[in-house]
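Q: Let me begin by handing over the structure; questions about it come next.
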Amino acid sequence: MNDSHWMRVGTLDDVPIREGRVVRIGGHEIAVFNLGGRLLAVDNRCPHKGGPLADGIVVGDAVVCPLHAWRVNLESGQVERPAASANCVPRYDVRLEDGHIWLLLPWR
């Protein structure tokens with residue numbers, strides 16, 4: 001049984017280009033990033049010590065955690081730095097319809 005569903009979480013105007021914004025769904029935080037031509041979303045917690053990824057600096061297709069500079073690829077959720085890390089961050093499919101941001105959530 002698939003419990004995934006699309007949820008509207010905001011508008012494109014809510015997320016400035018090259019920045020992230022937090023979407024709170026229940027007790028869960030998701031960071032949505034606007035890379036100019038596309039939107040990407042990951043959990044808002046760095047796997048290192050839980051730093052808020054939405055507050056990080058966007059570099060290419062990645063975000064640098066503001067606490068300890070871990071670099072997370074926003075497309076894959078994979079930690080790029082430190083290179084020896086096998087950690088990753090859950091990512092979410094995003095779509096844009098008529099200026100509204102939708103996330104595919106794996107729960108109801």
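Q: Please list, ordered by chain and number, the residues whose modelled amide H lies under 5 Å from the amide H of residue 70; skip anything fewer than 5 residues away on the same chain.
A: For residue 70, whose amide H was placed from the backbone, the distant partners under 5 Å are 65.
Q: Moving to a separate point now. Suppose R0 equals 25 Å; then what is the FRET efficiency for residue 25 and residue 97 from their Cβ-Cβ distance, rounded to the nearest 0.05?
A: Plugging the Cβ-Cβ distance into 1/(1 + (r/R0)^6) gives 0.85.
Q: State the extension gain, in nm to one decimal, for the chain segment bounded by residue 2 and residue 85, taking 0.36 nm per residue of separation less the distance between their alpha-carbons.
A: Difference between extended and current length: 26.8 nm.
Q: Out of 84, 102, 51, whose Cα points farthest toward the positive end of the dipole of the chain (charges: +1 Lys, Arg; -1 Asp, Glu; placed on Cβ)?
A: It is 84, whose Cα lies furthest towards the positive end.
Q: Can I ask one more? When the Karplus curve 6.51 cos²θ - 1.76 cosθ + 1.60 is applied with θ = phi - 60°, which whole-Hz ³J(HN,Hα) does each residue of segment 36-45 get, with x for Gly and Pro?
A: Here the 3J(HN,Hα) series is x, x, 7, 10, 9, 9, 9, 4, 8, 10 Hz.
Q: I need the calculated FRET efficiency for the pair residue 13 and residue 107, taking r as the beta carbon distance and R₀ as 30 Å, to the nearest 0.05.
A: 0.65
Q: Relative contact order of segment 5-105: what whole-number percent is it, with Cα pairs under 8 angstrom and at least 6 residues apart?
A: Averaging sequence separation for qualifying contacts and normalising by length gives 27 percent for segment 5-105.
Q: About the Cα centre of segment 5-105, what is the dipole size in debye to 20, counting +1 per Lys and Arg Cβ and -1 per Asp and Glu Cβ, all else neutral?
A: 280
Q: Could I ask something else about it? Would you please put 67-78, 9-20 in order of how densely packed they are, using the mean number of other Cβ atoms within 10 angstrom per residue and starting with the highest?
A: The packing order, highest mean first, is 67-78, 9-20.
Q: Now for a separate question. Ranked by Cβ crowding within 10 angstrom, fewest neighbours first, how are 65, 88 ordered?
A: 88, 65
Q: Using +1 at the C-beta of Lys and Arg and -1 at the C-beta of Asp and Glu, which of 70, 2, 42 has the Cα lying farthest in the positive direction of the dipole of the chain?
A: Result: 70, furthest along the dipole toward the positive end.
Q: Give the peptides 35-42, 97-104, 22-29 in descending order of average Cβ contacts within 10 Å, highest first.
A: Result, highest mean first: 35-42, 97-104, 22-29.
Laboratory data are not the source of any read-out in this text; all were calculated from the coordinates shown. Everything numeric in this text was worked out from a predicted model, so none of it was measured. All Cβ positions, even for glycine, are placed from backbone atoms using ideal geometry, and neighbour counts span all protein chains on display.
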